[in-house]
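The values are calculated or read from the model by the stated rules, or taken from the named source; none is laboratory data. All values derive from a computational prediction rather than experimental measurement. Here the Cβ positions follow ideal geometry from the backbone for every residue, glycine too, while neighbour counts run over all protein chains shown.
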Amino acid sequence: MSACVRRTGGFTLLELVMVIAILALAAALVFPHLPSLGGNDLKVSARRLAGAIRYLNDQAVATKTGYRMRIVPGDGTIDIQRVEAATSGTDKPASPPKLDPFLQEQLLADGVTVSDVVTGREGKKSAGEVVLTFGMGGLNDYAAIHLKGSDDRQYTVRAYPSTGRVRVDEGYVEDTP
């Protein structure tokens, strides 16, 4: 009587190699479709800017208060100010941080800049300062703000005054009102 002892636990080397090959193939297919970190910062900045425009539009209509959004193309500077009553005609910071922290946030991530701004009145501006005005009826003029990331990818934020709609599109969209 010969006794053959057969082990039934564990995996063979061939089974392990097959599992590793399948995982490597799946990773190779999925990896190119994952967003890059720089592109994610750009997308988040575009959505944050669109949210700020929507918020200012709603606040201007609801509170009958004017706002100005100052944008410096070629830079990442966006400043929001509340317009005081027409008697003084001066601007002041939008709100103390305790009352309205949303307007105090930095809208654009580091490395994201405004390449240019297109408005219905001023056309395309890639230098200087562009002011978007929000009156008691909301945004006064069409605006397309083109954002550029550190990896040269671009997003376009378009705001329509008549409807209050704000769109975020990947790429440089040359749309006119």
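One line per residue, one yes/no per condition, for (1) of a type in the set (V, I, T); (2) at pLDDT 90 or above; (3) part of a helix (DSSP H, G or I):
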{"position": "R6", "(1), (2), (3)": "no, no, no"}
{"position": "L14", "(1), (2), (3)": "no, yes, yes"}
{"position": "L25", "(1), (2), (3)": "no, yes, yes"}
{"position": "V30", "(1), (2), (3)": "yes, no, yes"}
{"position": "L108", "(1), (2), (3)": "no, no, no"}
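Does V44 qualify as being out of contact with any helix residue (DSSP H, G or I) (no Cβ under 6 Å at 6 or more places or on another chain), assigned to a helix (DSSP H, G or I), modelled with pLDDT of 85 or more and over 24 Å from H146 (Cα atoms)? The answer is no for V44. Restricting the search to region 114-146, which residues are more than 18 Å from Y55 (Cβ to Cβ), in contact (Cβ under 8 Å) with a residue 40 or more places away in the chain and of a type outside the set (D, E)? Those that are more than 18 Å from Y55 (Cβ to Cβ), in contact (Cβ under 8 Å) with a residue 40 or more places away in the chain and of a type outside the set (D, E): V114, S115, V117, V118, G120, K125, S126, A127, G128, V130.
Taken together, the criteria exclude S88 from residues that are surrounded by 11 or more Cβ atoms within 10 Å (Cβ to Cβ) and modelled with pLDDT under 90.
For region 120-177, residues that are closer than 17 Å to G66 by Cβ and part of a strand (DSSP E or B) total 10.
May I ask you to list the residues in region 149-167 that are crowded, with 16+ Cβ neighbours inside 10 Å and within 15 Å of the chain's Cα centre (by Cα)? Residues satisfying the conditions are G149, R153, Q154, Y155, T156, V157, R158, A159, V166.
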